Amino acid sequence: QRGTFDTMSRTNTTSILEKPLGRNTNRVLGGGGSNDGTVSLSAFSYLYSELVQYHQGRCASISELERRLESSGYGVGLKVLEMHAYRSKESKREIRLMGILQFISSSVWKSLFGKAADSLERSIDHEDEYMIVDYDPITSVYASVPPDLGSLSADAYLGGIIAGVLDGAGFGARVTAHGVTIEEGENSNHSNHGGGSGGGGRFMSSNNLGLPPRKTKAVFLVKFDKEVLDRDSSLDR
Amino acid sequence: YTVLNCVTMANQSSLLFVIVGKNEPLYEAEFNHFPGSDRTDSLTRQNYFVLHSSLDLVDKSAWTSNNMYLRVVDKVNNQHVSTFLTAGNIKFMLLHGGKSDDSIRNFFLEVYELYVKLSMNPFYMYDTPIISKAFDSRVRSCARRYL
């Protein structure tokens, strides 16, 4: 499938509107494999490390760095939302809270990283808080946070992506990324629910890459605005 | 007198298509089938008025249906307002005089595809006015094909 050329244009460039959208072309999987439209983990990590260093050099504080990483991911989230909804060809939008959260933790995660998020939880203490857990997020496979940066998580970028998807869909929320220590005996291998990595296990966990097993998992805390909760509960009636 | 005439003229000839973001219109286009007809100021303003006044109704039905295509949300005199909502809650609204649902739906789907492609442009920020001329000309050709 090739994009059509505008015969009237004097230059040879095609407008972005003429290129076909294609299938999943932005997955990040370990180990390369450019034929099926995926990006290698190494390439992404290299680019991401440069992004982090760029912001690090321009920030005076930890929270500012975190905010910059989040806003970098925010734009991605907005685009992912539109692109994914279009590609699913279902012409349906998410209007319920649980719906959009499940959309993010399964569909968006699968299309970006090749596997669904490891779990979606609801906080017991706070009605408006939900948590998406990923044991092996791509942004921190190769990142180690020095102690003077405290609680900064390199996965703030992914938190920004989640925030972008939620904001675009009309569910305003504050999303923060936290690194939580993995308890002893917790299942840190990719569980099979949600189909996991499909046939063949293409996603390479850090165990396969020869790195020591991860000590922290990423927990994305999603705190919804009050009006979102009000609207959602009014839809229940 | 003049107001009545304007309304009937709107039925026959003009279609107003507006893309509305969260706060402001992002794109506007009028499609005339009869280029020779008199375009008076009050006609255009009335079209805009009708379309914008139906925004409230769109907001209401946005959260009760999970379809993207919302069909006709408002009817004023003989003018219908049809709406299509993208996943990012960007509203495509068409003011028309009663075209068939199917042709409008196809038009919206084509523009939706153009919109998604446009939003993949890293230099286009979500919820900002669309100034791309390529987008404009393709939307107009879609309108000629479907409407």
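Here are the numbers:
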| read-out | value |
| --- | --- |
| Exceeding the 29 Å Cα-Cα cut-off - candidates A:K89/B:K22; A:K217/B:K60; A:K79/B:K133 | A:K217/B:K60 |
| Relative contact order for the stretch B:40-147, counting Cα pairs under 8 Å that sit 6 or more residues apart, in percent | 18 |
| Cβ-derived FRET efficiency at R0 45 Å, B:F49 paired with A:D128, nearest 0.05 | 0.70 |
| Convex hull (Cα only) mean projected area of the stretch B:53-147, reported in nm² to one decimal | 6.3 |
| Separation of alpha-carbon centers, the stretch B:88-104 and the stretch A:104-180, rounded to whole Å | 37 |
| Contour minus Cα-Cα distance for A:E186 and A:S49 (0.36 nm per residue) | 46.4 nm |
| Karplus (6.51, -1.76, 1.60) ³J(HN,Hα), θ = phi - 60°, over the stretch B:136-147, in Hz, Gly and Pro reported as x | 4, 5, 6, 5, 5, 6, 4, 5, 5, 6, 9, 10 |
| For the stretch B:121-131, 3J(HN,Hα) per residue [Karplus equation, 6.51 cos²θ - 1.76 cosθ + 1.60, θ = phi - 60°, Hz, x = Gly/Pro] | 5, x, 8, 9, 8, 3, 6, 10, x, 8, 10 |
| Area buried, chain B against chain A - accessible surface, total, 1.4 angstrom probe, square angstrom | 2600 |
| Order by protection proxy (mean Cβ within 10 Å, highest first), peptides A:145-153, B:49-57, A:104-112 | A:104-112, B:49-57, A:145-153 |
| Residue mean of other protein chain beta carbons inside 10 Å, B:119-125 | 4 |
| Gyration tensor (alpha-carbon) shape descriptor, the stretch B:103-147, a/c threshold 1.5 | prolate |
| Inter-chain shielding of A:85-93 (mean C-beta neighbours from other protein chains, 10 Å cut-off) | 6 |
| Probe 1.4 Å - accessible area at B:C142, Å² to nearest ten | 0 |
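The values are calculated or read from the model by the stated rules, or taken from the named source; none is laboratory data. Keep in mind it's a predicted model, so treat the numbers as computed, not measured. We place every Cβ from the backbone using ideal geometry, glycine too, and count neighbours over all the protein chains shown. Heavy atoms of the whole protein, side chains included, go into the accessibility calculation; ligands, DNA and RNA do not. Shrake-Rupley method; radii C 1.70, N 1.55, O 1.52, S 1.80 Å.
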